[in-house]
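The values are calculated or read from the model by the stated rules, or taken from the named source; none is laboratory data. Keep in mind that this is a model prediction, so the values were computed, not measured. Heads up, the Cβs are rebuilt from the backbone with ideal geometry, glycines too, and the neighbour counts pull from every protein chain shown. What goes into the accessible areas is simple: the full protein's heavy atoms, side chains included, and nothing from ligands, DNA or RNA. Shrake-Rupley method; radii C 1.70, N 1.55, O 1.52, S 1.80 Å.
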Amino acid sequence: MHVLRPQFRIEAQAALEFAGQRGFGVVVAADEHGPRASHVPFVLEQRDGQVIVQIHLTARNPLVPLADGARRFLLIVAGDDAYISNDWYASQDNVSTWLYEAVHLSGVAHLRGLDENRGHGDALLAVAEARLPKPPWDLARMEPEKRESMLAAIRVIDLVVDTVEGQAKLNQHKSDADHVAVAGRLARSLETGHRRLARKMQALRPGLGYDFS
């Protein structure tokens, strides 16, 4: 088992919080034919001192038989990203690049029993619905026969996380002037994700005289 090294504990916790807030990612594992991948919503929880990512797939998904309690899965959780043109910087001769945030969670995958499908569905909906400005919808409102048919068609997988890798490129290595210039460009973008990145850049280096108007 891979153990998180002590010097990475703070970074790992921040990465887990980021992943939990996103709640959606790409799960990847390999069989004899090569890598397999699926886009999945997930619930992240602490259970018995372990970090568990719980996902579900359709029963026929080729990843399902790979969750054998021995094989490792990788979950990629991507955040916002933005292309940065070289003429957005205050200084000269920079290279165009991309800013982004992402987290990789990996560990051994375990297939759960069908009796856990309803609990997983309830937990997943509770997290997702809580983000919306409306009364939450839940499975109890669904016609029972249709609900049970839907639940029977999925398989729940626990990914027991033992490795957390957080990756972020927010121009940490650039000068204050370049940092402010790029953040200002992103803040004025029409894309919501770009504006979120600008606020995160501002939080990294507060008090620099940003102009987001």
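Number of residues in region 59-99 that are β-branched (V, I, T) and either farther than 16 Å from H173 by Cβ or free of Cβ contacts under 8 Å to residues at least 40 places away in the same chain (or both): the value is 4.
Quick check on region 154-161. Is at least one of its residues of a type in the set (K, R), under 30 Å from A70 (Cα atoms) and not in a loop (DSSP other than H, G, I, E, B)? Within region 154-161, one or more residues are of a type in the set (K, R), under 30 Å from A70 (Cα atoms) and not in a loop (DSSP other than H, G, I, E, B).
For region 163-195, which residues satisfy the criterion of being farther than 16 Å from A14 by Cβ, open to solvent by 60 Å² or more (accessible area, probe 1.4 Å) and under 25 Å from the mean Cα position of the chain (by Cα)? Hits for region 163-195 are H173, L190, E191, T192, R195.
Within region 1-52, the set of residues being at pLDDT below 95 and part of a loop (DSSP other than H, G, I, E, B) comprises M1, H2, V3, L4, R5, E32, H33, D48, G49. If you go through region 128-153 and pick out every residue that is open to solvent by 60 Å² or more (accessible area, probe 1.4 Å) and more than 17 Å from V64 (Cα to Cα), you end up with 17.
Kindly establish whether R36 is in contact with a Leu (Cβ under 6 Å, 6 or more places away or on another chain) and open to solvent by 20 Å² or more (accessible area, probe 1.4 Å). Yes, satisfied. If I ask for residues that are touching a residue at least 12 places away in the same chain (Cβ under 8 Å) and either at positive phi or in contact with a Phe, Trp or Tyr (Cβ under 9 Å, 6 or more places away or on another chain) (or both), which ones from region 43-58 would you list? The answer is V53, Q54, I55, H56. When V127 is tested against (1) part of a strand (DSSP E or B); (2) touching a residue at least 60 places away in the same chain (Cβ under 8 Å); (3) β-branched (V, I, T), only condition (1) is not met. From A78, A67, A123, grab the single residue that is of a type in the set (A, V, I, L, M) and open to solvent by 50 Å² or more (accessible area, probe 1.4 Å). Every option except A78 fails the conditions. Residues in region 55-64 that are in a strand (DSSP E or B) and open to solvent by 20 Å² or more (accessible area, probe 1.4 Å): H56, T58.
A residue that is open to solvent by 50 Å² or more (accessible area, probe 1.4 Å), assigned to a strand (DSSP E or B) and of a type in the set (V, I, T) occurs nowhere in region 85-106.
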